[in-house]
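Undergrad: Structure incoming, see below.
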Amino acid sequence: MPTLQSPILKSKLLNSWSLFAIIVIPMCIAVAMTMTNVDLASPLGVSAMIQFSVRVAVPWLFIAFAASSLVVIFPGSLSWWLLRNRRIIGLCFAAGMAWQLLFILWMVIGFWDYYIEEAYNYFDLAEQLPGYLLLFAMVVTSFRFGRSQLSARQWKILHKGGIYFIWGVVWSTYWFELFYYEDIQVIDYTYYWAGFASWAVRMAAWTKKRALQPAI
């Protein structure tokens, strides 16, 4: 990996756990402030928090998903900085999804009847449960004590397969929102196209690397 040229991107403040704090602390403040503006004694209020917590988490998934490919397509200080901090960015996504899981459990425990009658969807559960399990495994194996339990090949399969699966679950949510629901908001379009762009960057990088491989 080449040396980062930008003094700003080389600063300790914008790397590793300092970067995590810069992203996650405002995220948690935003969630906490939003909680004060909704009725958490109502299932609709809890449902709003489920949706909000996903929205603050999703951008970090798309950035982490595209980071390694951006270096191939747009090599430079910024793309190398993103790649260097891809683990931290992924953990920021996980932090946002931890909030979502909290509110889902709040809904299930506090408003079971509403959850079963209005919110429960077998297809969503079939996607989301494996997604949460994969995300948990990826978080644990992002640290030395967890990674040491896997071989290099197992770790690569888990993290590469996992991020594709989680990306697919999240992006398909916005695909369904646009094509099957009427209450469409600007952020739904934004995240749909951002997710598509992150996938397109990966495909472009794959194509470029294939084109650069010497013919056999």
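The values are calculated or read from the model by the stated rules, or taken from the named source; none is laboratory data. What you see is a predicted model, and the numbers here were worked out from it, not measured in a lab. Virtual Cβ from ideal backbone geometry, glycine too; neighbours counted across all protein chains shown.
Undergrad: If only one of PHE111, PHE103, PHE93 is within 19 Å of SER68 (Cβ to Cβ), crowded, with 17+ Cβ neighbours inside 10 Å and not basic (Lys, Arg), which one is it? It would help to see each step written out before you state the result.
TA: Working: PHE111 fails: within 19 Å of SER68 (Cβ to Cβ); PHE103 fails: within 19 Å of SER68 (Cβ to Cβ).
Of PHE111, PHE103, PHE93, the one residue that is within 19 Å of SER68 (Cβ to Cβ), crowded, with 17+ Cβ neighbours inside 10 Å and not basic (Lys, Arg) is PHE93.
Undergrad: Please go through the stretch 85-105 and pick out each residue that is over 21 Å from TRP206 (Cβ atoms) and of a type in the set (D, E, K, R).
TA: Here is the first cut: in the stretch 85-105, the ones over 21 Å from TRP206 (Cβ atoms) are 85, 87-88, 91-105.
Residue satisfying the conditions is ARG87 alone.
Undergrad: Any residue that is surrounded by 14 or more Cβ atoms within 10 Å (Cβ to Cβ) and at pLDDT 95 or above - is there at least one of those in the stretch 172-179?
TA: For the stretch 172-179, residues surrounded by 14 or more Cβ atoms within 10 Å (Cβ to Cβ) and at pLDDT 95 or above: absent.
Undergrad: Here's a follow-up. Kindly indicate whether any position in the stretch 115-135 is over 21 Å from TRP60 (Cα atoms), of a type in the set (Ser, Thr, Tyr) and surrounded by 14 or more Cβ atoms within 10 Å (Cβ to Cβ).
TA: The first filter runs over the stretch 115-135 and keeps only residues over 21 Å from TRP60 (Cα atoms), leaving 115-126.
After this cut, where a residue has to be of a type in the set (Ser, Thr, Tyr) as well, the list is 115, 120, 122.
Add one more test, that the residue is surrounded by 14 or more Cβ atoms within 10 Å (Cβ to Cβ), and what stays is 115.
Within the stretch 115-135, one or more residues are over 21 Å from TRP60 (Cα atoms), of a type in the set (Ser, Thr, Tyr) and surrounded by 14 or more Cβ atoms within 10 Å (Cβ to Cβ).
Yes/no matrix, rows are residues, columns are (1) part of a helix (DSSP H, G or I); (2) of a type outside the set (Lys, Arg); (3) surrounded by fewer than 16 Cβ atoms within 10 Å (Cβ to Cβ):
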site	(1), (2), (3)
GLN149	no, yes, yes
ILE163	yes, yes, no
ALA194	yes, yes, no
TRP206	yes, yes, yes
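Undergrad: Could you count how many residues in the stretch 14-69 are of a type in the set (Ser, Thr, Tyr), under 19 Å from the mean Cα position of the chain (by Cα) and buried (at least 19 other Cβ atoms within 10 Å of the Cβ)?
TA: 2
Undergrad: On to the next question. For the stretch 116-135, does any single residue satisfy the condition of being farther than 30 Å from TRP17 by Cα and not in a helix (DSSP H, G or I)? Explain how you work it out, then say what you get.
TA: Taking the stretch 116-135 as the starting set, the residues that turn out to be farther than 30 Å from TRP17 by Cα are 116-127.
Those left that are additionally not in a helix (DSSP H, G or I): 120-121.
The answer is yes, given that some residue of the stretch 116-135 is farther than 30 Å from TRP17 by Cα and not in a helix (DSSP H, G or I).
Undergrad: So which of ALA30, ALA41 ends up being at pLDDT 95 or above and either of a type outside the set (Ser, Thr, Tyr) or under 21 Å from VAL58 (Cβ atoms) (or both)?
TA: Details: ALA41 fails: at pLDDT 95 or above.
When all the criteria are applied, what remains is ALA30.
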